[in-house]
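Asker: One structure, pasted below without further comment.
The values are calculated or read from the model by the stated rules, or taken from the named source; none is laboratory data. These numbers were taken from a predicted model, which means no experiment stands behind them. Every residue, glycine among them, receives a Cβ derived from its backbone with ideal geometry; neighbour counts consider all protein chains shown.
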Amino acid sequence: MTVRKQIHLAAHFPGVNNTTIWADPASGSQIDFSSFEHFAATAERGRFDFLFLAEGLRVREHNGEIHDLDVVGRPDTLTVLAAVAAITKRLGLVGTINTTFNEPFELARQLASLELVSGGRSGWNIVTSNDAFTGENFRRGGFLDNADRYTRASEFVDVAEALWQGATADHHGEFFDVVGSLEVPVSPQGKPIIVQAGVSAEGRDLAARYADAIFSPFADLVKGREFYADIAQRLEKFGRGADELKILPGATFVLGDTEAEAEERYQYERRAQVSGATAIRTLEAVWGRDLSEYDPDGPLPSVDLVVENVELTAGRATHHKDRRGTASEWVEQAEAEGLSIRDAAISKLARGVLVGTPTQVADRIDEFVQTDASDGFVLVPSITPSGLDEFVDKVIPLLQERGSYRTEYEGETLRDALFSG
Amino acid sequence: MSIEIRESQWNGAEAAALRLEMDTELRPRYADLFASKPAYPAVDVEAIVLTLVAFDGDLPVGTASLKNTDGYSEVKRVFVAASHRRRNLGAALLTAVEEHAAALGVTDLVLQTGLRQPEAIALYEREGWRPIPPFGPYAADTEISRCFAKPLAPLFVAVELPAVGEPATLVPRSIAALREFAEAGVDLAVIADDLRAAPAGLARIDAPTLAAFAAPTVAGIGLAPAISTTHTEPFHLSKVVQTLDHASHGRAAWQVVVSTSEEESAHFGRKTAVDSGQAWAEAEEAIEVAERLWDSWEDDAEIRDVATGRFIDRERVHHIDFEGSYFSVRGPSIVPRSPQGRPPIIVSATDDASLDVAVRRADIIRVAPGLVAQARSGVDRAGRDGAVTVLVDVAVASADTLTATLATLRHDTGADGVVLVFAETPDAADYTDTLAPFVRSERPDAPTLRDRLRLERPVSRYVRALEGALS
């Protein structure tokens, strides 16, 4: 009997993007600790590798005003993870933390402490930023030259890793001078798991050099396989084996008892995720101007109205470089397919999604993994906090039946979960 | 038997007769001892604030009084006639005195009895009185006097855990201590932190991480991690404390500390060490930033209005636009307003610079036992309205001498309570019995720390006054 390649799953707590449906009656608090308790318990029951939390250090704004159409507000990442550590036993706890707005000694110490209280289940999703908008919340700002982001991040991780080994650092580099030791005990898994999400060449190299897992955007079989192969090559360059890094695309899922029911629910969710107001604002971000007079169910505005070099949206990752080009593309597609503003926004905001019956979704996930398009997924449900429940109840048993997914955790640490299976 | 306890007069005939009966019964027991000593001074009638007499029908059968002695509220001359003993009348008289005393605003009672009155000593111990060393006028008389104390109002009792220990047991011992102290009725646990090297062989942990780890499984105790403002971003620490408040359902506080050593500066490499004055000036700005961020979301900012598609009312989420000498912060917080609105601020006043910040900013001021009055007058001068709790730090190595310290703490120091400071994580179960008389006996279901401090939940400073006027 051949041993099947094992699937690794992470549970991404629904965040502040429009994919989180807050208007649904089932939608609960994104802040109350009970929501994290529920979500983490479900993930652990489903034997997920880890809980994943995103981070944003400034409330998003649009056209100079606080963005009010999506979920707003979230708790501090590491504080929530430390609390969740107390009510879980095996679930990994991975938080997104920005190197730009933190100091290596301080963050290394916080993560080492999370390591300690969780018994070796912590992880750090490294992100970097040059976002001056977010920098306004910090004394040292965020005015980092874009080219320096990854150099600084590398130096940051080098310092952190030295500190995690229990060493007394005496580091004097381009970006940091750090002398001292953490004094926090070394954890059972040695150091936190490193996750990385960048897809640029520098981001891929950073991942291949340091990361234990990549949170990838390629929830598509063809692009997924390309990315997987590319990372394998880069790993070789840094003297690491292909099995030393897990690639996990982000995806949401929609289940139904029949394929038709799943598809119907998917269409409902997409409309719930993109209200008329959200659609208008999505277009405003591209057009660079106020479009509030437009009817979301009517046709798109003319490309001639695009204002270049105006960034209406602040505090999120998506920025538009070639506005006119993007707008032309949108208008052409809308005309060809007869789409309204809202339809077009729904189409453009679509992300990786697994739609179907539990069997179809299990098949799809297994196909990704067995054909090296990924090692699993980072799954983000659209409902807080109960959205993961039906996946764990209906899909996980099917993955377990086919021998592609653990029925029990292999060990105690997150490293065990990622690499012992 | 129908006994009625009535207010009477010290010099009234019934009370005087009962005290004479008492003297007649007791004098022979002490005759040999007093032969060589001066008698106790006569009771100053002016100092008597209450005399009770118990009647069986018309017959006076017991008495007890309350006297102000050197700032102590002392229970005097508790006596039950021989004919009416073994009927719990002594206990009833004590209870009645306690109720009257509480109504007069007395928070702690003391009393003195003698070594040859075992029946009296047994009564006091049964009724929850704790032995203390001879106090006030009896201080010199350790031979005969047996003194007891009973608190009528609970002290605010905090502990400070060092968060230092053997690497393998640091976390489990700390959590066990927090749980035991919570069960013992302790109001607040400060979790110390220090970025400097630990003593040889010992390890440390980030205080907010330990506090957050405790929050879901250790109920009923406030959690106050120490967080330094010298090298940490105020935006970060504000959201950490706010999140701890959410995770603990309103039990978070922040012990503000500063870092003045070169050793700590070297971890960050951003600036050389600063002196206490500069560090506390910066800390005061950090407190201002944190409190503005905690207020930056009004309580009802999240509206989830399906009709308009708006999740929040953005008029109720505010930039804080802080511009100070040390940093500027735009805001708002990324965290919605927390259960307490603003978690309490704790400052230890250990020098002039920290005292200045404490009296202007702290909800809880920690001082050495001799400095309570100075802290209170500072608070008055700062023109603060609202309650400020002043606690004295007491270093504790064992439970042995603690009863005496706590029994007269309010009298001796004027403080509202105490922070028991432990250099090593203690076996907290050792302290349960000692602390029992001094902590709250009622345990409301889910009190916030502000509730325990009798602090109102503050309205956000950004709520427009107009709205209040219209509603």
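Asker: Considering the stretch A:4-52 alone, what residues qualify as being assigned to a helix (DSSP H, G or I), under 27 Å from A:GLU367 (Cβ atoms) and either modelled with pLDDT under 95 or not charged (D, E, K, R) (or both)?
Answerer: If we filter the stretch A:4-52 for residues that are assigned to a helix (DSSP H, G or I), which is where we start, we get A:33-45.
Keeping just the survivors that are under 27 Å from A:GLU367 (Cβ atoms) gives A:39, A:42-45.
Result: A:PHE39, A:THR42, A:ALA43.
Asker: Tell me which residues, restricted to the stretch A:375-421, are more than 17 Å from the chain's Cα centre (by Cα) and of a type in the set (Phe, Trp, Tyr).
Answerer: Those that are more than 17 Å from the chain's Cα centre (by Cα) and of a type in the set (Phe, Trp, Tyr): A:PHE391, A:TYR405, A:TYR409, A:PHE419.
Asker: May I pose another question? Keeping to the stretch A:281-304, report how many residues are farther than 29 Å from A:LEU354 by Cβ and touching a residue at least 60 places away in the same chain (Cβ under 8 Å).
Answerer: Of the residues in the stretch A:281-304, 2 are farther than 29 Å from A:LEU354 by Cβ and touching a residue at least 60 places away in the same chain (Cβ under 8 Å).
Asker: Let me ask another. On the given criteria, is A:PHE48 within 11 Å of chain B (Cβ to nearest Cβ) and within 19 Å of the chain's Cα centre (by Cα)? First the steps, then the outcome.
Answerer: Numbers: within 11 Å of chain B (Cβ to nearest Cβ): no; within 19 Å of the chain's Cα centre (by Cα): yes.
No, not satisfied.
Asker: Kindly indicate whether any position in the stretch B:166-186 is over 30 Å from B:PHE327 (Cα atoms) and among the polar types (S, T, N, Q).
Answerer: Of the stretch B:166-186, the ones over 30 Å from B:PHE327 (Cα atoms) are B:166-186.
Next, from what is left, pick out any that are among the polar types (S, T, N, Q): B:169, B:174.
Scanning the stretch B:166-186 turns up at least one residue that is over 30 Å from B:PHE327 (Cα atoms) and among the polar types (S, T, N, Q).
Asker: What are the residue pairs meeting all of these: first residue in the stretch A:6-35, first residue within 15 Å of A:THR77 (Cα to Cα), second residue surrounded by fewer than 19 Cβ atoms within 10 Å (Cβ to Cβ) and hydroxyl-bearing (Ser, Thr, Tyr), Cβ atoms under 7 Å, and 6 or more apart or on different chains?
Answerer: Listed pairs, sorted by first residue: A:SER35/A:SER29.
Asker: Something else: Is it the case, given these coordinates, that A:THR99 is at pLDDT below 95 and either farther than 25 Å from A:GLY173 by Cβ or out of contact with any His (no Cβ under 9 Å at 6 or more places or on another chain) (or both)?
Answerer: Numbers: at pLDDT below 95: yes; either farther than 25 Å from A:GLY173 by Cβ or out of contact with any His (no Cβ under 9 Å at 6 or more places or on another chain) (or both): yes.
So A:THR99 passes the test.
Asker: Which strands (runs of 3 or more DSSP E) does the stretch B:299-371 wholly contain that include 2 or more residues that are in contact with a helix residue (DSSP H, G or I) (Cβ under 7 Å, 6 or more places away or on another chain) and either over 28 Å from A:GLU136 (Cα atoms) or assigned by TED's automatic domain parsing to the domain that holds B:VAL256 (or both)? Explain how you work it out, then say what you get.
Answerer: Working: elements: B:302-305, B:310-312, B:345-348, B:364-367.
Where strands (runs of 3 or more DSSP E) fall fully within the stretch B:299-371 and carry at least 2 residues being in contact with a helix residue (DSSP H, G or I) (Cβ under 7 Å, 6 or more places away or on another chain) and either over 28 Å from A:GLU136 (Cα atoms) or assigned by TED's automatic domain parsing to the domain that holds B:VAL256 (or both), they are B:345-348, B:364-367.
Asker: Please go through the stretch A:131-176 and pick out each residue that is in a helix (DSSP H, G or I) and within 14 Å of chain B (Cβ to nearest Cβ).
Answerer: A:ALA132, A:PHE133, A:THR134, A:GLY135, A:ARG152, A:GLU155, A:PHE156, A:VAL159, A:ALA160, A:ALA162, A:LEU163, A:TRP164
Asker: Any idea which of B:LEU93, B:LEU33, B:LEU104, B:LEU115 is surrounded by 20 or more Cβ atoms within 10 Å (Cβ to Cβ) and among the aliphatic types (A, V, I, L, M)?
Answerer: Being surrounded by 20 or more Cβ atoms within 10 Å (Cβ to Cβ) and among the aliphatic types (A, V, I, L, M) holds for just one of B:LEU93, B:LEU33, B:LEU104, B:LEU115, which is B:LEU93.
Asker: Does A:LEU57 qualify as being part of a loop (DSSP other than H, G, I, E, B), within 7 Å of another protein chain (Cβ to nearest Cβ) and either under 16 Å from the mean Cα position of the chain (by Cα) or over 20 Å from A:ASP131 (Cβ atoms) (or both)? Before you say what the answer is, go through the steps one by one.
Answerer: Numbers: part of a loop (DSSP other than H, G, I, E, B): yes; within 7 Å of another protein chain (Cβ to nearest Cβ): yes; either under 16 Å from the mean Cα position of the chain (by Cα) or over 20 Å from A:ASP131 (Cβ atoms) (or both): yes.
Judged against the criteria, A:LEU57 is a match.
Asker: Scan the stretch B:348-356 and tell me whether some residue there is within 14 Å of chain A (Cβ to nearest Cβ), surrounded by 18 or more Cβ atoms within 10 Å (Cβ to Cβ) and more than 20 Å from the chain's Cα centre (by Cα). Steps first, answer last, please.
Answerer: We begin by selecting, within the stretch B:348-356, every residue within 14 Å of chain A (Cβ to nearest Cβ); these are none.
No, that holds for no residue.
Asker: Looking only at the stretch B:238-246, decide whether some residue is closer than 24 Å to B:ILE364 by Cα, in contact with a strand residue (DSSP E or B) (Cβ under 9 Å, 6 or more places away or on another chain), without any contact (Cβ under 8 Å) to a residue 40 or more places away in the chain and assigned to a helix (DSSP H, G or I).
Answerer: Step one: filter the stretch B:238-246 for residues closer than 24 Å to B:ILE364 by Cα, giving B:238-246.
This time we only want the ones that are in contact with a strand residue (DSSP E or B) (Cβ under 9 Å, 6 or more places away or on another chain), so: B:238, B:240-246.
Narrowing the set further to residues that are without any contact (Cβ under 8 Å) to a residue 40 or more places away in the chain leaves B:240.
With assigned to a helix (DSSP H, G or I) added as a condition, the list becomes B:240.
Yes, the conditions are met somewhere in the stretch B:238-246.
Asker: Filter the stretch B:414-430 down to residues that are in contact with a helix residue (DSSP H, G or I) (Cβ under 7 Å, 6 or more places away or on another chain) and touching a residue at least 60 places away in the same chain (Cβ under 8 Å) and give me whichever is surrounded by the fewest Cβ atoms within 10 Å (Cβ to Cβ). First the steps, then the outcome.
Answerer: Within the stretch B:414-430, the subset in contact with a helix residue (DSSP H, G or I) (Cβ under 7 Å, 6 or more places away or on another chain) is B:414-415, B:418, B:425-426, B:428-429.
Among the residues that remain, those that are also touching a residue at least 60 places away in the same chain (Cβ under 8 Å) are: B:418, B:425-426, B:428-429.
Numbers: B:VAL418: 26, B:THR425: 21, B:PRO426: 21, B:ALA428: 24, B:ALA429: 15.
Taking the candidates together, the pick is B:ALA429.
Asker: I would also like to ask the following. Read through the list (1) at pLDDT 90 or above; (2) closer than 30 Å to B:VAL306 by Cβ; (3) of a type in the set (A, V, I, L, M), then give the number of the only condition that A:ALA373 fails.
Answerer: Just one mismatch for A:ALA373, condition (2).
Asker: Consider only pairs whose beta carbons are under 6 Å apart and that are at least six residues apart or on different chains; among these, list those whose first residue lies in the stretch A:104-118 and is without any contact (Cβ under 8 Å) to a residue 24 or more places away in the chain and within 7 Å of chain B (Cβ to nearest Cβ) and whose second residue is of a type in the set (Lys, Arg) and outside any helix (DSSP H, G or I).
Answerer: Every condition considered, no pair remains.
Asker: Oh, and also: Give the stretch A:71-93 a look and list any residue that's of a type in the set (S, T, N, Q) and within 8 Å of chain B (Cβ to nearest Cβ), or say none.
Answerer: Residues of the stretch A:71-93 that are of a type in the set (S, T, N, Q), as a first pass: A:77, A:79, A:88.
A:THR79, the sole residue that qualifies.
Asker: Among the candidates A:ARG225, A:ARG204, which residue alone is surrounded by fewer than 22 Cβ atoms within 10 Å (Cβ to Cβ), modelled with pLDDT under 95 and out of contact with any Cys (no Cβ under 9 Å at 6 or more places or on another chain)? Let's see the steps before the verdict.
Answerer: Values: A:ARG225 fails: modelled with pLDDT under 95.
Residue meeting the stated conditions: A:ARG204.
Asker: A follow-up question, please. If I go through the stretch B:309-335 residue by residue, how many of them are more than 27 Å from A:TRP22 (Cα to Cα), touching a residue at least 24 places away in the same chain (Cβ under 8 Å) and within 9 Å of another protein chain (Cβ to nearest Cβ)?
Answerer: Residues that pass the stated criteria total 3.
For (1) within 21 Å of the chain's Cα centre (by Cα); (2) crowded, with 24+ Cβ neighbours inside 10 Å, each residue gets a yes or a no:
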site: B:LEU202; (1), (2): no, no
site: B:ALA207; (1), (2): no, yes
site: B:ALA212; (1), (2): no, yes
site: B:GLY222; (1), (2): yes, yes
site: B:THR232; (1), (2): no, no
site: B:LYS239; (1), (2): no, yes
site: B:GLN242; (1), (2): no, yes
site: B:ASP245; (1), (2): yes, yes
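Asker: Hey, among A:THR128, A:THR96, which residue is crowded, with 23+ Cβ neighbours inside 10 Å and more than 9 Å from chain B (Cβ to nearest Cβ)? Before you say what the answer is, go through the steps one by one.
Answerer: Details: A:THR96 fails: crowded, with 23+ Cβ neighbours inside 10 Å.
Criteria check complete, one pass: A:THR128.
Asker: Collect the residues in the stretch A:177-201 that are farther than 28 Å from A:LYS237 by Cα, more than 9 Å from every other protein chain (Cβ to nearest Cβ) and crowded, with 21+ Cβ neighbours inside 10 Å, keeping them in residue-number order.
Answerer: Within the stretch A:177-201, the first condition is being farther than 28 Å from A:LYS237 by Cα, and the residues that meet it are A:177-188.
Now drop any that are not more than 9 Å from every other protein chain (Cβ to nearest Cβ), which leaves A:187-188.
Result: A:SER187, single match.
Asker: State which residue is farthest from the other protein chains (Cβ to nearest Cβ) when the search covers only the stretch B:160-217 and only residues that are acidic (Asp, Glu) and touching a helix residue (DSSP H, G or I) at 6+ places or on another chain (Cβ under 6 Å). Talk me through it step by step, then tell me what you get.
Answerer: Step one: filter the stretch B:160-217 for residues acidic (Asp, Glu), giving B:160, B:166, B:180, B:183, B:187, B:193-194, B:206.
Okay, now just the ones that are also touching a helix residue (DSSP H, G or I) at 6+ places or on another chain (Cβ under 6 Å), so B:180, B:187, B:193, B:206.
Numbers: B:GLU180: 17, B:ASP187: 21, B:ASP193: 10, B:ASP206: 4 Å.
Among those that are acidic (Asp, Glu) and touching a helix residue (DSSP H, G or I) at 6+ places or on another chain (Cβ under 6 Å), it is B:ASP187.
Asker: Could I ask something else about it? For the stretch B:247-270, enumerate the residues that are farther than 30 Å from B:PRO216 by Cα, surrounded by fewer than 24 Cβ atoms within 10 Å (Cβ to Cβ) and within 11 Å of chain A (Cβ to nearest Cβ).
Answerer: Kept after step one, since they are farther than 30 Å from B:PRO216 by Cα, are these residues of the stretch B:247-270: B:260-270.
From what's left, surrounded by fewer than 24 Cβ atoms within 10 Å (Cβ to Cβ): B:260-266, B:268-270.
Matches in the stretch B:247-270: B:SER261, B:GLU262, B:GLU263, B:GLU264, B:SER265, B:ALA266, B:PHE268, B:GLY269, B:ARG270.
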